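Notes follow the structure.
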Amino acid sequence: MEHAGAAYWTLLVGTPIALAVVVWRFPPPAAPMPDYLRDAVQYAATGHISDTTYPLAFAWLAGVALRVLGPGPGGWELLQAAFYVSAVVIVWALARRSGADLRASLGAGLLTALYPELGVSVAKFWDLEMSVWLMTVFMLLCLLLWQRGPRTLLIVLFGLAAGLAMAQRPNMALLMPLPAWLCLKAKATLQRRVAAIAGAGALAAATLVGINTAAHGSFFLSQNGPYNFVQGHNEFTVQTLLDDLSCEPSVGMILKADGMQSAGFNEADPALQVYFRRRAFAYIRSHPLGEVRITAVKLWTLFRPNTRLHHGVSVMTAAIVAPSLIFPVWIVLLAARWKRAGLDAVESLFLAATVLYALPFLITSSDPRYQVPLEVCMLAHIAAMLTRIRAVQPAAVQD
């Protein structure tokens, strides 16, 4: 059994804490996401978020932080730092549970701490830190569910985490068949497996409703689905993805092309939402080959370097390009493992999670910032695969 000393834990936990303090004291220039900021400020002032089309969990938690700790330094930044530091530790635990040794697990944790966009987001008012935290927690709970079976505490944690995840990222619902499948495969009686799925599902639904009700004052579901859907299915989608690394500007373009108001529109307007759905489906039906191209560009956008953060060639270029190497390295290692011995349960879990995570962005809209939660989890799996390679090499040399 491997044991880590005090220096090991100091390095693992101290690195993200130190970086969070540096970013907090010397924040990089960054504009907050206006909708989240508006909603959080409203909650801090009034105790509820009135009219919004966006998911509420992050704005609600940030509003609570603003209300309790105040708007000055140390308010919502403390919330962001907590997500950041705990995500680093969770990645370490995810690597260990995946089969990585102490050295490789430490490497995965430190690379997570040094992930440029994750670290600087401590001082940025948006949901990236929370999204990474939710994805790492989900993957760790999936591994524990596979390894330990549907224990009561684990099912409760899964229900709470799933509800929180869907309250901030509704597309996380597409990942929920994965833990249900793991429950069905667990070594337990059929009655216990079915009860675990039903219990976790009921608790997730209750958590989702509870968070949205606490934030909004009544039952609420985000209304930005049609808006996101039409972004990803129109004649301007490819152009805006290539030019802006986002297809959101295409909405204004289609409104203008159709002779409608293209500035200051209310995306929650029921009539406009009907138009968005019909417009997207009409494009899909009439441009099947165009949809193939759009899907390819969305996939490229999801995993490409986020050059929107930095243009030109300088020292910063390496920091921007390096994270985009995680996905191809993971693909190469996974393919090599598949060819050599097939995929085991852990590898199959990561592959299934990657497909289910990417699918909503290929169906709706894509953006390089959505890659971060998935790539951070990939760091843990890469650590496990490298550990396995090192373990095989001495035997190969001896033979």
Go over the candidates Leu78, Leu153, Leu128, Leu69 one by one and state the one that is surrounded by fewer than 24 Cβ atoms within 10 Å (Cβ to Cβ), at pLDDT below 95 and touching a Lys or Arg at 6+ places or on another chain (Cβ under 8 Å). Leu128
Being of a type in the set (Gly, Ala, Ser), over 22 Å from the mean Cα position of the chain (by Cα) and crowded, with 17+ Cβ neighbours inside 10 Å is the filter here; which residues of the range 1-55 pass it? Ala44
Pair list, Cβ < 6 Å and 6+ apart or interchain, from the range 249-266 residues that are at negative phi to residues that are surrounded by 14 or more Cβ atoms within 10 Å (Cβ to Cβ) and part of a helix (DSSP H, G or I): Pro249/Thr240; Ser250/Gln231; Ser250/Thr237; Ser250/Thr240; Val251/Gln231; Ser262/Gly252; Ser262/Leu255
It is to be established whether one or more residues within the range 57-65 are within 25 Å of Phe303 (Cβ to Cβ) and either touching a residue at least 40 places away in the same chain (Cβ under 8 Å) or in a helix (DSSP H, G or I) (or both). yes
Kindly indicate the residue of the range 323-369 that is of a type in the set (S, T, N, Q) and closer than 24 Å to Arg96 by Cα and also surrounded by the fewest Cβ atoms within 10 Å (Cβ to Cβ) among those meeting that condition. Ser348
(1) hydroxyl-bearing (Ser, Thr, Tyr); (2) part of a helix (DSSP H, G or I); (3) touching a residue at least 12 places away in the same chain (Cβ under 8 Å): which one isn't true of Thr307, the others all being true? (2)
Considering Ala108, Ala113, Ala87, which residue is within 20 Å of Asp344 (Cβ to Cβ) and either surrounded by fewer than 20 Cβ atoms within 10 Å (Cβ to Cβ) or modelled with pLDDT of 95 or more (or both)? Ala108
Being outside any loop (DSSP other than H, G, I, E, B) and either crowded, with 19+ Cβ neighbours inside 10 Å or touching a strand residue (DSSP E or B) at 6+ places or on another chain (Cβ under 7 Å) (or both), is that true of even one residue in the range 215-223? yes
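The values are calculated or read from the model by the stated rules, or taken from the named source; none is laboratory data. This is a predicted model, so every value here is computed, not measured. Positions of Cβ are generated from backbone atoms using ideal geometry, with glycine treated the same way; all protein chains shown enter the neighbour counts.
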